[in-house]
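Encoded as structure tokens, the structure appears first; notes follow it.
Each value in this text was obtained by applying a stated rule to the coordinates, not by laboratory testing. This is a predicted model, so every value here is computed, not measured. Glycine gets a Cβ as well: all are built from the backbone with ideal geometry, and neighbour counts include every protein chain shown.
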Amino acid sequence: MRKLLILDWSSEWRGYVLEAAARMGVNVLLVMDRDRPTPEVVLDKLILPDLYQNPVQWAETIATYGRRWGVDGVFTHEDELVELSAIVAQYLRLPGPSPKGVRRALDKWETRECLREIGLPNPNYRRANSFDELKSAVNQIGLPVVIKPIASSSAEGASKVERLEDIEIAWRAAFEASLSSPVSPGQVIVEEYLRDEGRVLSLEGMIIEGQLFPITITEAHQYHSSRGGRALRIHYKDYFLPAPVTEKTYREIVLMSSKLAEALPIHLGAVHVEYKLTPEGPRLLEFNPRLGGGLVPLMVRQAFGVDLAEASLKLALGEKPDLRFTKSSAVCLDWYVPPYEGIVRSVHGFEEMLTAPNVVHGELRVKIGERVAPGWLGLAFVMTEHSDPLGALKSARNALKHLSIEIEPVS
């Protein structure tokens, strides 16, 4: 039986990965930073408590573990571990993306430089290693700007800044978030704020032997919460697919993603490439050499019958995945986002939400007494399916109206 080495996993956010492995009849060797209950598909576990502290230092240890078990492939879904996964696959002479390409993709400065080198449109950007360098960069670019770690995802540590007096708050958030990154810790990038309508588009695709196979474009809506003053923390909600974009926009996104993948280079694996839709056309936010985060793979499977998790595992094993659509619908996944920081005191209407029209799935992810705060992931989510993307979005928003979560504010 084939054996697959997977670098970290959680039942809450990555449950579908081990479910795919079980359907494929694959035994899993799991590397984790702490021991947690796992399904029967897991044959053995290697626990490395400091796995996320400079992950690449564990490459030889993990490769030795993989050799001992005779693994046939290496996979991860985690941003912090994708470079490590690529290095381990290279050590074991197994299929995987180029470690150099992965590192360039994770480093937003390197990605921007790569875009510039191949002549693709870029916002104005600067790198900063200190607060003084940051102030100089902001003065050169001009407000408003986005300040974020050079390597992060899910808008972690990212702020929109509209006033000079809010730069320090944004600097602290980005700098602190950067310290846990395996790529360019302590470094921050400042970018011209791309004016748009709050729409973020993400290409979900697979790269096989250097060729990009686009699956769909996901849309999410960007919103902000205050970090203090008017330094605005960036979040996302209202995920739905396929995004209602013009054929021209779709072609531009696919072409830019394909050219960037070739230049980085990324020749194998899942990709999740984020863009902002500006009046001048799509502009790259980041290139992620991994599956889409959150529950995007579940949305794709619900809408099109394409299992991106299974496809990724097959690529890791050197097999060709089946990317053919078996259905075609629109799916939305919307979150109940806490409006302010506080303690959850009660939850009402969850069952009513689940029985609302077009709802196919939903989960409550908070407990009474838990402290919560605004963030890109919410306290509960609902997934809806419809013939039209905006119909799926409307259904999700209507379903969430049934849910009421009482939060006691805290200072």
Exercise. Rounded to two decimals, what ratio of Rg to Rh does region 124-193 give with C-alpha atoms and a Kirkwood Rh?
Worked result: 0.92
Problem set entry | Estimated [θ] at 222 nm from DSSP helical runs (n ≥ 4, -39500 (n - 2.57)) normalised by residues in the chain, nearest 500 | -9500 deg cm²/dmol
For this session: Work out, in µm²/s and without decimals, the Stokes-Einstein translational diffusion coefficient of region 281-367 at 37 °C, 0.692 mPa s, Rh from Kirkwood over C-alpha pairs.
Result: 201 µm²/s
Problem set entry | Rg ratio (alpha-carbon, reference 2.2 N^0.38 Å) - region 30-79 | 1.14
Exercise. Once phi is turned into θ = phi - 60°, what whole-Hz ³J(HN,Hα) does the Karplus curve with 6.51, -1.76 and 1.60 give for every residue of region 353-370, x standing for Gly and Pro?
Worked result: 4, 5, 9, 5, x, 6, 7, 10, 6, x, 9, 9, 10, 9, 10, 4, x, 7
Problem set entry | Check: the chain dipole with +1 on Lys, Arg Cβ and -1 on Asp, Glu Cβ, in debye | 380 debye
For this session: Take the alpha carbon atoms of the chain, find their radius of gyration, then divide it by 2.2 N^0.38 Å using N residues; give the quotient.
Result: 0.97
Problem set entry | Proximal lysines relative to K108, as straight alpha-carbon distance under 20 Å, when same-chain residues fewer than 8 apart are discounted | K100, K135, K148, K160, K259, K276
Seminar exercise, completed: Over all viewing directions the Cα convex hull of region 331-409 casts an average projected area in nm² of 4.6 nm²
Problem set entry | Residue-by-residue Karplus 3J(HN,Hα) for region 36-53, coefficients 6.51, -1.76, 1.60, Hz, glycine and proline x | 9, x, 9, x, 5, 5, 7, 7, 7, 10, 10, 9, 10, x, 9, 4, 8, 9
Seminar exercise, completed: So the compactness index of region 1-118, its C-alpha Rg divided by 2.2 N^0.38 Å, takes the value 1.10
